[in-house]
Structure formats: structure tokens, C-alpha cells
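So the structure is just underneath, and the comments pick up after that.
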Amino acid sequence: MVMSEYNDRVKGRFRSDNDSGNVYEPGSELVRFLRGINDNMEAIQAKLDKGLIDIDQYLYEQSLGTITLQNPTRQPWLLTDIIATWTIPTDAQNPVVLQASTVASYNNNQNGVWVNVQGGTVTVVAVNGTTLTGVTSGLVYVPAGGTLTITYSVAPTLTTTYTGPNNIQTAASLSIKDRTYELNSNSGQFQALGMHGMQMDKDAKVTLTISPVAPCFLQIMGCSDYRKIERSESD
């Protein structure tokens, strides 16, 4: 129902009640209050018809690396919700490669790995320089960036099992108006829901930046700030 229809119905109710013997004084507080509501609703409807008010803001975009969202109506509004997600890029996994006897082999992954030592003639197995007592074969855990040193006369075979993706170090940031916030890039997501409403000027932007470039998604929600719209129109 548009505001004009509502207004007409209220006026009709006044006439109907008066015909039934109920008398409303034109200057009564109740009548002034109801007519004031009707006048406000008529004004809001007029602004809606002219496209001056966008009741709800719901903007989203999927892109690579950087997304910037801005209110297309260029009217003041209140930011209430932000949802951002991004892909954490991964690099190729690096197997632990056997070196010469007593020479350290490195785990060049961002996660620890399990190395299965099989065959050969092995006398010592050490991780990060510490000898594993009684271990000459089987599964050995090597932490990220750690070393595996094997003393042998006949070379064994090494098989690497990975405990997680080899993530590339990522930076994620969210800019709102003139402030930039660093996000937990390893989480792959950020949410701020049910905020009381951050005042956004008509030209304010929300920007998500992921580096290195990766697929990302940004969604913002909010509503118009009628008070600021009124002030802007009266300036």
C-alpha cells in the first residue's frame, strides 16, 4: 500500500467514525498526531517515487585481488553488515629429498610432514639434529622448516606425506571510508554482522584487497539514514 492510499483510508476512517457519532476535534492531540504521521509517510513516499531513498543497501561482487563497493544511489546510508571471503593460494608441495649420508634434508613446506624411511642400510636417523633413539626406518615427523639427517651405507627410499596445503603467505585488508583494517589472512573469511550502523557518506567506499591476487568475494548491507538525507536536502 502506498502512503497516499494509507492517508485516504485514515481520512475515510475519520469520516466513518464521525458519521457514527464519534466526534474528533480538528485541534485534538490525537488528530494532530495521526495527521503528522500521514504527512511524514506522504513525504517518504514522494522521495521513494523520485528515487531519493533506497530503503535497503545490498551490494556484492566477486573478483580477483581487489573489490570496491559504493552505494550506487550516492545517498548517505548506514553500514550494518560485511561479509568477505577469499581463496588462500597454495604452492606445490615439496618432498623431503634424501641427501648424502650425514647431510641434512630440509622440509621446505609450511606444514610438518611425515617421512617414511624404507630399505637401505641405516644406522642413525635425526630430526633437527636430535637422534631418534632406536629408529632406523618407518615414519618420522619433520616439522615445517625442519631437517632430517640420515646416516647410511646403503641409501634408503624416502616417501613424504603432507599434513596440510602449502599455503602462500597472503595479506588481506578491508578499507572502510578513510580507515584500513588488516584481516587474518589465513582464515580466508571475515564477517561483521548486526552492527548498529556505521555512518557512510554518499561517496564512501568499502574495499577488500587480497595480495597476492586471489579469487575473493565482498558483500555489504545497510539502510538509508533518513536524518542525514533530510539535512542534506535542506542545505
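When you look at Ser137, is it loosely packed, with under 12 Cβ neighbours inside 10 Å, without any contact (Cβ under 8 Å) to a residue 60 or more places away in the chain and either hydrophobic (A, V, I, L, M, F, W, C) or not assigned by TED's automatic domain parsing to the domain that holds Gly65 (or both), yes or no?
no
Any idea which of Thr87, Thr66, Thr80, Thr73 is among the β-branched types (Val, Ile, Thr) and at pLDDT below 80?
That would be Thr73, the only listed residue that is among the β-branched types (Val, Ile, Thr) and at pLDDT below 80.
May I ask you to list the residues in the range 172-185 that are at pLDDT 85 or above and not aromatic (Phe, Trp, Tyr)?
If the condition is that a residue be at pLDDT 85 or above and not aromatic (Phe, Trp, Tyr), then Ala172, Ser173, Leu174, Ser175, Ile176, Arg179, Thr180, Glu182, Leu183, Asn184 are the ones that fit.
So in the range 170-220, with the set limited to residues that are assigned to a loop (DSSP other than H, G, I, E, B) and aliphatic (A, V, I, L, M), which one is nearest to the chain's Cα centre (by Cα)?
Filtering the range 170-220 for residues that are assigned to a loop (DSSP other than H, G, I, E, B) and aliphatic (A, V, I, L, M), the one nearest to the chain's Cα centre (by Cα) comes out as Leu193.
Looking at this structure, is Leu34 at pLDDT below 85 and more than 21 Å from Tyr141 (Cβ to Cβ)?
yes
Take the conditions assigned to a strand (DSSP E or B), outside the structural domain of Ile82 (by TED's automatic domain parsing) and loosely packed, with under 14 Cβ neighbours inside 10 Å and apply them to Leu148. Does it pass?
Criteria not met by Leu148.
For the range 73-98, which positions are of a type in the set (S, T, N, Q) and either free of Cβ contacts under 8 Å to residues at least 40 places away in the same chain or under 30 Å from Cys223 (Cβ atoms) (or both)?
Within the range 73-98, Thr73, Gln75, Thr80, Thr85 qualify.
A quick yes/no check of all residues on (1) modelled with pLDDT under 90; (2) in the same structural domain as Ser63 (by TED's automatic domain parsing); (3) surrounded by 14 or more Cβ atoms within 10 Å (Cβ to Cβ):
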{"residue": "Pro156", "(1), (2), (3)": "no, no, yes"}
{"residue": "Ser187", "(1), (2), (3)": "yes, yes, no"}
{"residue": "Gln191", "(1), (2), (3)": "yes, yes, no"}
{"residue": "His196", "(1), (2), (3)": "yes, yes, no"}
{"residue": "Leu208", "(1), (2), (3)": "no, yes, yes"}
{"residue": "Ser211", "(1), (2), (3)": "yes, yes, no"}
{"residue": "Phe217", "(1), (2), (3)": "no, yes, yes"}
{"residue": "Asp225", "(1), (2), (3)": "yes, yes, yes"}
{"residue": "Glu230", "(1), (2), (3)": "yes, yes, no"}
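Looking at the structure I just gave you, is Leu79 closer than 30 Å to Asp201 by Cα and surrounded by 16 or more Cβ atoms within 10 Å (Cβ to Cβ)?
Criteria met by Leu79.
Residue by residue through the range 103-129, note down the ones that are surrounded by 14 or more Cβ atoms within 10 Å (Cβ to Cβ), more than 39 Å from the chain's Cα centre (by Cα) and within 19 Å of Tyr162 (Cβ to Cβ).
Answer for the range 103-129, where residues must be surrounded by 14 or more Cβ atoms within 10 Å (Cβ to Cβ), more than 39 Å from the chain's Cα centre (by Cα) and within 19 Å of Tyr162 (Cβ to Cβ): Ser105, Asn116, Val117, Val127.
The values are calculated or read from the model by the stated rules, or taken from the named source; none is laboratory data. These figures come from a predicted structure and were not determined experimentally. All Cβ positions, even for glycine, are placed from backbone atoms using ideal geometry, and neighbour counts span all protein chains on display.
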